[in-house]
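Asks: This is the structure, below, for whatever I ask next.
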Amino acid sequence: MPKYTIRSMLQSDIPSVAAIERQVEFHPWSERQFQESLEAGQRCTVMVDDGVVIGFCILQPVLDEANLLLMAIDPKYQGQGRGFALLEESIEQLGERCVMIFLEVRASNRPAISLYEKVGFHQMGIRKNYYLADRALFANGKEDAVLMALTRGNPFA
Ligand SMILES: CC(C)(COP(=O)(O)OP(=O)(O)OC[C@H]1O[C@@H](n2cnc3c(N)ncnc32)[C@H](O)[C@@H]1OP(=O)(O)O)[C@@H](O)C(=O)NCCC(=O)NCCS
């Protein structure tokens, strides 16, 4: 049995979630942005291990589709199957009505692209210079996004 649980994000989780986000993202979301996600009714889940929030996932349902806005696992817990479990469960919780999920991810983010492909997403295209990026790594301070999509069930059924 896994040690962790996956549940809906609460307002009281936001400081922990934002702390994880600051560790993993060059241009992190603020606590206010997480708060706005909760208030907007987005599907916000957290993974909890031994009472500690160690990951989060934010999905924005739009009619019968959804956008994966953000997800992360605390670096101390990465590489142990947690991201895969969190994403699969978060998508499951969207219900059968959701037939397509879209996302954008930094083109350099091999771990995330590989995770998304493992879950079943396919690459659809590139948005040039979509993200703010570290000028030490990207001379123009911008980085491309890879667009990906997941089709669930049979959309023609
Ligand atoms: C992307 C992220 C969520 C993956 O979480 P994780 O718990 O480490 O991933 P898992 O251990 O569940 O691995 C699942 C799959 O992801 C891929 N993956 C994970 N880490 C990887 C790495 N360092 N290199 C390449 N692929 C990797 C693999 O396909 C892996 O499957 P495998 O173990 O069968 O090879 C995590 O690295 C993270 O939080 N990164 C920072 C935030 C981020 O990039 N978020 C996504 C963009 S918003």
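Asks: With respect to L147, is the statement that it is of a type in the set (A, V, I, L, M) and either within 17 Å of P28 (Cα to Cα) or touching a helix residue (DSSP H, G or I) at 6+ places or on another chain (Cβ under 9 Å) (or both) true?
Replies: no
Asks: In addition: Being on the phi > 0 side of the Ramachandran plot, within 12 Å of the ligand (Cβ to nearest atom) and out of contact with any His (no Cβ under 6 Å at 6 or more places or on another chain), is that true of even one residue in region 80-100?
Replies: Within region 80-100 (the criterion being on the phi > 0 side of the Ramachandran plot, within 12 Å of the ligand (Cβ to nearest atom) and out of contact with any His (no Cβ under 6 Å at 6 or more places or on another chain)), the answer is yes, since at least one residue qualifies.
Asks: Give all pairs with beta carbons closer than 8 Å in which a residue from region 133-152 that is farther than 18 Å from L115 by Cβ meets a residue that is among the β-branched types (V, I, T); count only pairs at least 6 apart in sequence or on separate chains.
Replies: Final answer for the pair search is D144/I126.
Conditions tested, residue by residue: (1) surrounded by fewer than 17 Cβ atoms within 10 Å (Cβ to Cβ); (2) modelled with pLDDT of 95 or more; (3) closer than 23 Å to S30 by Cβ.
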site	(1), (2), (3)
N67	yes, yes, yes
M71	no, yes, yes
F84	yes, yes, no
E104	no, yes, yes
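Asks: A further question on this structure: I'm told L63 meets every condition in (1) within 13 Å of the ligand (Cβ to nearest atom); (2) at positive phi except one. Can you identify the failing condition by its number?
Replies: Answer for L63: the failing condition is (1).
Asks: If you take the residues in region 109-157 that are within 14 Å of the ligand (Cβ to nearest atom) and of a type in the set (F, W, Y), which one is surrounded by the fewest Cβ atoms within 10 Å (Cβ to Cβ)?
Replies: Looking at residues that are within 14 Å of the ligand (Cβ to nearest atom) and of a type in the set (F, W, Y), I get Y130.
Asks: Kindly evaluate V105 against the criterion of being near the ligand (Cβ under 8 Å from one of its atoms) and of a type in the set (V, I, T).
Replies: Answer is yes for this residue.
Asks: Every residue in region 118-157 that is at pLDDT 95 or above, of a type outside the set (V, I, T) and not in a strand (DSSP E or B), please.
Replies: Within region 118-157, K118, G120, F121 qualify.
The values are calculated or read from the model by the stated rules, or taken from the named source; none is laboratory data. Treat the numbers as computed from the prediction; the structure is a model and nothing was measured. A quick note on method: Cβ atoms are made from the backbone with ideal geometry, for glycine too, and the neighbour counts reach across all protein chains shown.
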